[in-house]
Amino acid sequence: MVVEEELIKLRLHPKIVELGEVEITEDLDSGKLVQLNKALQSVGFDLIDSHMSRLIEQIKTHVIRKARNDLDEKDNEMKLSHYLSEKLNHEYTYLSSLFSSVEGRTIENFFIEQRIEKAKELLIYGQMTLSEIAYELEYSSVAHLSSQFKKVTGLTPSYFKQVGTSMRKSLDSI
């Protein structure tokens, strides 16, 4: 909503405003591009204009969607590597090495972190058991979820639930 408001203030007409991606009807000259960049920075966002940076952001967006099971059934059933290759039209080895060199971590680690963030969210809501959360996030078992949860957070899921929201990170700080 914030990004869309900034676009409208600049008299731009957004077609699509999604996580990490904006499509507008106008072509931007260099002056308007500078204005847009300043407007976005004033509200905590950056304009990504290099191909490599755009690709990294697309990887992150798709990984987040997959980690949160925010896809149709066919895409949810695909392995992460195949899903990214299909969506981004690049070999997974290329995407993986690019992501690792820029981000300093693997796509798989980023995926695990995103799944754990979703698990934290579900634990805090308190409406699902740990077994239900493991099933929802497609873990093979509660033990597997608990093990990854402890590796990422340093806490067990049950202790985290007791501690509450203070340990949860927002998506943009990950």
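The table for this structure:
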| item | result |
| --- | --- |
| Top-ranked residue of the stretch 97-111 - restricted to ones that are free of Cβ contacts under 8 Å to residues at least 40 places away in the same chain and of a type outside the set (Ser, Thr, Tyr), ranked as surrounded by the fewest Cβ atoms within 10 Å (Cβ to Cβ) | GLY104 |
| Of residues in the stretch 18-31 being aliphatic (A, V, I, L, M) and outside any strand (DSSP E or B), the one nearest to ASP70 (Cα to Cα) | LEU19 |
| Any hit, the stretch 71-80, residues being modelled with pLDDT under 95, under 28 Å from LEU36 (Cβ atoms) and surrounded by 14 or more Cβ atoms within 10 Å (Cβ to Cβ) | no |
| Criterion: farther than 22 Å from GLU21 by Cα and modelled with pLDDT under 95 - qualifying residue of LEU122, LEU171 | LEU122 |
| Selection within the stretch 55-103 - more than 16 Å from the chain's Cα centre (by Cα) and within 23 Å of PHE149 (Cβ to Cβ) | LYS79 |
| Test: residue in the stretch 23-36 that is surrounded by 15 or more Cβ atoms within 10 Å (Cβ to Cβ) and either on the phi > 0 side of the Ramachandran plot or touching a strand residue (DSSP E or B) at 6+ places or on another chain (Cβ under 6 Å) (or both) | yes |
| Residues (under 24 Å from HIS62 (Cβ atoms) and not charged (D, E, K, R)) located in the stretch 1-35 | MET1, VAL2, VAL3, LEU7, PRO14, ILE16, VAL17, LEU19, GLY20, VAL22, ILE24 |
| Test result for VAL152, farther than 30 Å from LYS38 by Cα and touching a Ser or Thr at 6+ places or on another chain (Cβ under 8 Å) | no |
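Conditions (1) in a helix (DSSP H, G or I); (2) within 27 Å of ILE116 (Cα to Cα); (3) free of Cβ contacts under 8 Å to residues at least 24 places away in the same chain; (4) not assigned by TED's automatic domain parsing to the domain that holds GLU121, marked per residue:
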{"site": "ARG11", "(1), (2), (3), (4)": "no, no, yes, yes"}
{"site": "ILE16", "(1), (2), (3), (4)": "no, no, yes, yes"}
{"site": "LEU33", "(1), (2), (3), (4)": "yes, no, yes, yes"}
{"site": "LYS38", "(1), (2), (3), (4)": "yes, no, yes, yes"}
{"site": "LEU55", "(1), (2), (3), (4)": "yes, yes, no, yes"}
{"site": "LEU71", "(1), (2), (3), (4)": "no, yes, yes, yes"}
{"site": "LEU84", "(1), (2), (3), (4)": "yes, yes, no, yes"}
{"site": "LYS87", "(1), (2), (3), (4)": "yes, yes, no, yes"}
{"site": "LEU95", "(1), (2), (3), (4)": "yes, yes, no, yes"}
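The values are calculated or read from the model by the stated rules, or taken from the named source; none is laboratory data. Keep in mind that what you see is a predicted model, and the values were worked out from it rather than measured. So basically every Cβ, Gly included, is an ideal-geometry build from the backbone, and we count neighbours across all protein chains shown.
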